[in-house]
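Before any comments, here is the structure.
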């Protein structure tokens, strides 16, 4: 059974020969060969080059026995392609020239030619598809709410207070922006599926800032529309542990769990939940923890081994190797 | 009925004439008079001066109709008084010279003379007690886990990965450090009660980094011991919304809720949960939101109005005034 078949069986609710494995942010700074590429190319230059995206996505597959690959991209290419002025300043993270805090500013975002302007992403998907035919290929997008947070705040933030305040102060403008971002996310995910992605994952990195009631009001409708309108299996990742019930009702094939969610709390098709900090703790501890989790899963095979958040930059490649090997041992 | 009586009635599970109100971080950067004090005094200098602590704690009471005051201090004075080398670098937040990652390093922390070395905190409590006799006086401490996070990581962090990795790699050292910090927190809270604090609040700012199972294993025993061994009413604050069931079982008189917890989810004596971002949204929105929450509370009066996290530095004093006035309207 190939990794691709394994992942697709799990997301269809069927048991694979053994549980598949991949890691969020498996292509990234923890790999010296990735840092070597980045030494010569800016982040946005890398994201816009299908050849370089393919190279860095293949790097972890050369080192580790993984079942899936994910297109190398960034969630903020969507608002950028709608006309938002995205900047990445080293050390400061992403920012936008002008925060969007009115319905007029939301309407000024240009969603019409989005997929033309994001052709480089779909080219990267096609290229990776050809280079890794036996791996499950994940496409992805940020959730409408997460993109909204960056656009309204104007930059990364601890708690995105301006983004949350706009919900209360200008609910119509907030809804308008969220709706337009939902349309854009659907278009972007569809185009990735058309380019060859087997499955798409929605990253709701900042959904956990909201209470369950606020999540039902502001996030759930758009997320449900995405699951309904994008062809093929969909996976939803939310950073945070208090929205498991809300996210379970939105029609996704699988839920990718943050490390604050206990595995035995969620039924159905799951992915993730291993604390990235585990990979700082040494190979013996990694093996013991994987065995403990396997015991928790019991006979349930509809689970994709993964982390509850991205690989930490200080992780050693050896630790990732130990994790993947331990997963293969327990199946 | 004084503010003091009002708060003490609520924490005893009895109805007050109307629900009391105070705000986490009500003494702080959002007030120009606080910034004026800080212009001439470093943060640790301020914390170590009972006179200045009293002055900045009284500042919000002069402006707003609040029912409670909280001693001005910092959670990190406890590990500092145990010998950890605490530094506050402007813009970078707190850091410690040498992270603590072994049982020997945990044992080297000196808990014996703790309350002698923290006499300036108790002097600040006595001084504030005398200056605000009709306000409920809160003492506080960081939770053992939250202090552990800073000591093991060695500095503030997004997710404290080294602190979490130590739980898995060196569980005996982690437990030893947590136990020693629990003893220190109990001693520090007792001494505040002896100095005149009516109630003490434990801030578990980083408890939300753990899953419910990990919270039960690593945090719950120490937190339960604190609630049992500290005299007088105790309040527990956890930043995060997925631990409501765990924290409800620990013996605290009240739970101070983060803004990711819906008010109708929790029974018993509660405090908090208003999103600090609300205070960025303008007085009309503040009033409407307070009315909505009052409707949610219905006849339940065993609730202390407060925020789900501290007042944001960019909040206007007018917004805080509008919030307190709105609370007084709904009772």
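Here are a few things to note about the model shown:
- Residue within region B:96-114 that is within 28 Å of residue B:331 (Cβ to Cβ) and either part of a helix (DSSP H, G or I) or more than 19 Å from the chain's Cα centre (by Cα) (or both) present: no
- Figure legend. Inter-residue proximity from region A:263-278: first residues within 12 Å of chain B (Cβ to nearest Cβ), second residues in a helix (DSSP H, G or I) and surrounded by fewer than 21 Cβ atoms within 10 Å (Cβ to Cβ), beta-carbon distance below 6 Å, spacing 6+ or different chains. Indicated pairs: A:263/A:296; A:264/A:296; A:266/A:244; A:273/A:263; A:278/A:289.
- Taking region B:136-165 as the range and being part of a loop (DSSP other than H, G, I, E, B) and free of Cβ contacts under 8 Å to residues at least 24 places away in the same chain as the test, the residues that pass are B:157, B:158.
- Condition check for residue A:324: touching a strand residue (DSSP E or B) at 6+ places or on another chain (Cβ under 7 Å) and surrounded by 21 or more Cβ atoms within 10 Å (Cβ to Cβ): yes
- Residue within region B:58-76 that is closer than 20 Å to residue B:151 by Cβ, assigned to a helix (DSSP H, G or I) and touching a helix residue (DSSP H, G or I) at 6+ places or on another chain (Cβ under 8 Å) present: no
- Set B:44, B:52: member being in a helix (DSSP H, G or I), surrounded by fewer than 23 Cβ atoms within 10 Å (Cβ to Cβ), at negative phi and modelled with pLDDT of 95 or more: B:52
- Pick from region B:178-199, criterion farther than 18 Å from residue B:79 by Cβ and surrounded by 24 or more Cβ atoms within 10 Å (Cβ to Cβ), ranking: nearest to the other protein chains (Cβ to nearest Cβ): B:199
- Region A:207-233, subset away from chain B (no Cβ under 14 Å) and in contact with a strand residue (DSSP E or B) (Cβ under 8 Å, 6 or more places away or on another chain), residue surrounded by the fewest Cβ atoms within 10 Å (Cβ to Cβ): A:232
- Residue within region B:16-33 that is part of a helix (DSSP H, G or I) and more than 25 Å from residue B:301 (Cα to Cα) present: yes
- Evaluation of residue A:61 against (1) in contact with a strand residue (DSSP E or B) (Cβ under 7 Å, 6 or more places away or on another chain); (2) modelled with pLDDT of 95 or more; (3) closer than 24 Å to residue A:204 by Cβ (one fails), failing number: (3)
- So residue A:87, is it without any contact (Cβ under 8 Å) to a residue 12 or more places away in the chain and surrounded by fewer than 23 Cβ atoms within 10 Å (Cβ to Cβ): yes
- Region A:150-165, residues that are facing chain B (nearest Cβ under 7 Å) and over 17 Å from residue A:181 (Cβ atoms): A:161, A:165
- With respect to the conditions (1) modelled with pLDDT of 95 or more; (2) in a loop (DSSP other than H, G, I, E, B), residue B:91 lacks only one, and its number is (1).
- Residue in region A:132-139 that is over 26 Å from residue B:159 (Cα atoms), out of contact with any helix residue (DSSP H, G or I) (no Cβ under 9 Å at 6 or more places or on another chain) and surrounded by 18 or more Cβ atoms within 10 Å (Cβ to Cβ) present: no
- The residues of region A:248-292 that are surrounded by fewer than 17 Cβ atoms within 10 Å (Cβ to Cβ) and within 23 Å of residue A:198 (Cβ to Cβ), listed by number, are A:248, A:251, A:268.
- Out of A:299, A:314, sole residue that is surrounded by fewer than 21 Cβ atoms within 10 Å (Cβ to Cβ) and farther than 16 Å from residue A:19 by Cα: A:314
- Taken over region A:296-330, the criterion of being part of a loop (DSSP other than H, G, I, E, B), more than 14 Å from chain B (Cβ to nearest Cβ), farther than 19 Å from residue A:69 by Cα and in contact (Cβ under 8 Å) with a residue 12 or more places away in the chain is satisfied by A:301 alone.
The values are calculated or read from the model by the stated rules, or taken from the named source; none is laboratory data. Keep in mind the model is a prediction, meaning the values are calculated, not measured. Because the Cβ atoms are built from the backbone with ideal geometry, glycine has one as well, and the counts that use them run over all protein chains shown.
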